[in-house]
Amino acid sequence: AQTVTQSQPEMSVQEAETVTLSCTYDTSESNYYLFWYKQPPSRQMILVIRQEAYKQQNATENRFSVNFQKAAKSFSLKISDSQLGDTAMYFCAFDQGAQKLVFGQGTRLTINP
Amino acid sequence: ETGVTQTPRHLVMGMTNKKSLKCEQHLGHNAMYWYKQSAKKPLELMFVYNFKEQTENNSVPSRFSPECPNSSHLFLHLHTLQPEDSALYLCASSQVGRTNYEQYFGPGTRLTVT
């Protein structure tokens, strides 16, 4: 069974700093999708970034980028120039294409002014 | 806003009550999902509906009964719940057939079983 592990339950950085959230996963599949979702205190889960496993190039979305290491089964999220609005729970998720998202336990990120 | 709405946002019910959660998506998607989010546990997929047909039941107890009358609406009927069923219930939708498999989530219903 696929599993997703986020080893950092909580992180805290100062505004404008760069922060990296880690995620590892376990699968025997070769084709799959990885996602980072953000859940702010208002609770609505929002997609931050996605990565297709067959693409070697790391995905980027403005201040958000990933470091995808397929052989190591690692999928970390880097947030540059962090902002107060980045404060949220961040979930790493895995989908092998069967519509069954498997989530990690989440990292609570706090951006301090 | 993600285009997925859920009502009610908060619900308190006794163990003998019957209630329903409602989800509506305004994105034209053809797949809908129910997830359970408990404290200190990863989100758990409960049900998947594709084109109104249930394609996944992740070993969910029968006291949870889903209903999908059309591709835009999804219900979760609750009866004879247990206190351990207290959690945030999230609905999501996606477009099956696209390559990104992105799911859009609603704000959730915070359920408390007393």
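For the protein assembly as shown, lysine pairs with C-alpha atoms less than 14 angstrom apart, excluding pairs fewer than eight positions apart on the same chain, total 4.
Quote the relative contact order of the stretch B:6-114 in percent (integer), defining contacts as alpha-carbon pairs under 8 Å separated by 6+ residues. Intermediate results must be reported in sequence, preceding the final value.
Values: 260 pairs, mean separation 40.3, N = 109.
RCO, the stretch B:6-114: 37 percent.
Probe radius 1.4 Å, ligands and nucleic acids ignored: give me the carbon and sulfur share of the accessible area of chain A as a rounded percent. Carbon and sulfur atoms account for 44 percent of the accessible area of chain A. Short to long, the 10 Å bins of the Cα pair-distance histogram for chain B hold 15, 50, 29, 5, 0 percent of all pairs.
Contact residues in the stretch B:38-69 (at least 30 Å² less accessible area with all protein chains than alone, 1.4 Å probe): B:P42, B:L43, B:L45, B:E56. Along the stretch B:43-51 the Karplus relation, 6.51 cos²θ - 1.76 cosθ + 1.60 evaluated at θ = phi - 60°, assigns HN-Hα couplings of 4, 10, 6, 9, 9, 10, 10, 10, 6 Hz to successive residues, with x for each Gly and Pro. Farthest toward the positive end of the dipole of chain A, out of A:Y54, A:G85, A:C23, is the Cα of A:Y54, where the dipole comes from beta carbon charges about the Cα centre. Ranked by the mean number of other Cβ atoms within 10 Å of their residues, highest first, the peptides A:5-17, B:79-91, A:98-110 come out as A:98-110, B:79-91, A:5-17. A prolate overall shape is assigned to the stretch A:34-95, the ratio a/c of its alpha-carbon gyration tensor axes (a ≥ b ≥ c) being 1.5 or greater and a/b exceeding b/c.
Rounded to the nearest 20, the size of the Cβ-charge dipole of chain A about its Cα centre is 200 debye, with Lys and Arg at +1 and Asp and Glu at -1.
Checking Cβ-Cβ separations below 4.7 Å across the protein assembly as shown identifies B:C68 as cysteines lacking any candidate disulfide partner. Per residue, the accessible area of the stretch B:23-83 comes to 46 Å², computed with a 1.4 Å probe over protein heavy atoms only. Calculated FRET efficiency, B:H79 to B:S38, Cβ-Cβ distance, R0 = 22 Å: about 0.65 to the nearest 0.05. log10 I(q)/I(0), Debye, Cα-only the protein assembly as shown, no solvent, q = 0.09 Å⁻¹? At q = 0.09 Å⁻¹ the computed log10 ratios are -0.37. With a 10 Å cut-off around each Cβ of A:97-105, the average count of Cβ atoms from other chains is 6.
Kindly state, to the nearest 0.05, the FRET efficiency for B:E67 paired with A:F64, given R0 = 41 Å and r defined as their beta-carbon distance. Calculated value: 0.65. With the gyration tensor restricted to C-alpha atoms of chain A, the semi-axes of the equivalent ellipsoid amount to 24, 14, 12 Å, longest first. The 3J(HN,Hα) values that the Karplus relation (6.51, -1.76, 1.60; θ = phi - 60°) gives for the stretch B:70-85 are, in residue order, 7, 6, 9, 10, 9, 10, 10, 8, 10, 8, 6, 6, 10, x, 6, 7 Hz. Gly and Pro appear as x.
With a 1.4 Å probe on protein heavy atoms only, work out how much accessible surface B and A bury together, total over both chains, in Å² to the nearest 100.
Values: alone 6270 and 6560 Å², together 10750 Å².
Adding both sides of the contact gives about 2100 Å².
If R0 equals 22 Å, the separation of the Cβ atoms of A:L84 and A:Q8 corresponds to a calculated FRET efficiency of about 0.65.
The values are calculated or read from the model by the stated rules, or taken from the named source; none is laboratory data. Fair warning: this is a prediction, and the values are worked out from it, not measured in the lab. Note that we place each Cβ from the backbone using ideal geometry, even for glycine, and neighbour counts take in every protein chain shown. Only protein heavy atoms, including side chains, enter the accessible area calculation; ligands, DNA and RNA are left aside. Shrake-Rupley method; radii C 1.70, N 1.55, O 1.52, S 1.80 Å.
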